[in-house]
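Step one of this worksheet: look at the structure below.
Values quoted throughout were computed directly from the atomic coordinates according to the rules given, and no laboratory measurement underlies them. The model shown is predicted, which means the values in this text are computed figures rather than measured ones. Heads up, the Cβs are rebuilt from the backbone with ideal geometry, glycines too, and the neighbour counts pull from every protein chain shown.
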Amino acid sequence: MKTAVYPGSFDPITNGHMDILTRSCGLFDKVYILVSDNPDKRCFFSTEERVSLISDAASHLKNAEIAVLKGLLADFVSKANAQAIVRGLRAVSDFEYEFQMALANRELNPKAETVFLSANSSHTFLSSSLVRQIASLGGNIAPFVPDSILSKVMEKFGQSS
Ligand code: COA
């Protein structure tokens, strides 16, 4: 069985993440969506909220399973018996950081192969912080997040749908 891990902060999950996740689910038998619970990166949505949003957005992906990452990604990959870490590349600017992480993860776990999927061209500008900024200023985030979580995300910013 080919298993992959798709890690991230998902603060919140966006259509860009969903694109990478959906395509990963087509490539692997099982995909763990791994929600980072990193005290160094303060998230706007709590871990529970981020998990709940992903669970709503990805409920149709039957081979996807949500998990929370508390330690090292390389260790989770070992414990999950996964063969691959999936990361999305939006632009060349993502490359240096992603390449460094891929090399570090392979050093920590030689079996952890990082697979890069190129983002859909319509999502190359998209990030969670962009969504948060637009929402906090009262803008329309409907084009950027899955329909199934739109009202929950807007609610967090005090907007009604
Ligand atoms: N579509 C939309 N946005 C995307 C995207 C895509 N396809 N791919 C990345 N992004 C955005 C995210 O929205 C996020 O935006 P933001 O900074 O505006 O919130 C940004 O790119 C980076 O996001 P993310 O993918 O969540 O990465 P991260 O750097 O926050 O977290 C981990 C990366 C969780 C994989 C990493 O921190 C990790 O492995 N942590 C565990 C500890 C560990 O093992 N450390 C050693 C690693 S070598």
Note: Val68 to Gln83 extended length (0.36 nm per residue) minus current alpha-carbon separation gives 3.6 nm
Here the net charge surrounding Ser55, from other residues whose Cβ is less than 12 Å away from its Cβ (Lys, Arg +1; Asp, Glu -1), is -2
Listed by chain and number, the residues whose amide H is under 5 Å from that of Val86, excluding neighbours fewer than 5 places away on the same chain and using placed H, are Val5, Tyr6, Val115
Of the residues Ile134, Val92, Leu72, the Cα lying farthest along the dipole of the chain towards its positive end, which is defined by charges on the beta carbon of Lys, Arg, Asp and Glu, belongs to Leu72
Heads up, the chain by the C-alpha gyration tensor (a ≥ b ≥ c square roots of eigenvalues; a/c under 1.5 rounded, else a/b over b/c prolate, else oblate) looks prolate
In order over the range 102-115: 3J(HN,Hα) from phi, Karplus 6.51/-1.76/1.60, θ = phi - 60°, whole Hz, x for each Gly or Pro, gives 4, 5, 5, 5, 5, 5, 6, 9, x, 8, 7, 9, 8, 10
Per the C-alpha gyration tensor (a ≥ b ≥ c, the square roots of its eigenvalues), the range 1-44 is rounded if a/c is under 1.5, else prolate if a/b beats b/c, else oblate; here it's oblate
Dividing the mean separation of Cα pairs under 8 Å (6+ apart) by the residue count of the chain yields a relative contact order in percent of 28
Sequence order, the range 117-122: Karplus ³J(HN,Hα) from phi using 6.51 cos²θ - 1.76 cosθ + 1.60, θ = phi - 60°, Hz rounded, Gly and Pro as x, gives 10, 6, 5, 4, 4, 6
Along the range 37-45, Karplus-curve 3J(HN,Hα) (6.51, -1.76, 1.60; θ = phi - 60°) to the nearest Hz, with x for Gly and Pro, reads 10, 9, x, 6, 10, 6, 8, 6, 8
Within the range 1-125, pairs of Lys residues whose Cα atoms are less than 25 angstrom apart, provided they are eight or more positions apart or on distinct chains, add up to 16
Given 34-41, 77-84, 89-96, the highest-first ranking by average Cβ count within 10 Å works out to 77-84, 34-41, 89-96
Yeah, the range 1-85 with a ≥ b ≥ c from its alpha-carbon gyration tensor (a/c under 1.5 is rounded, else prolate when a/b outruns b/c, oblate otherwise) is oblate
Rounded to the nearest 0.05, FRET efficiency between Ser151 and Asn38 (Cβ-Cβ, R0 35 Å) equals 0.80
Note on the range 7-161, DSSP bridge orientation, antiparallel percent to nearest 5 equals 0
In the neighbourhood of Arg87 defined by beta carbon distances under 9 Å, the net charge of the other residues (Lys, Arg +1; Asp, Glu -1) is -2
Met1 neighbourhood, Cβ < 9 Å, K/R = +1, D/E = -1, net charge +1
Among trypsin sites (Lys or Arg not before Pro) in the range 105-161, those in a DSSP loop whose Cβ has at most 16 other Cβ atoms within 10 Å are Lys111
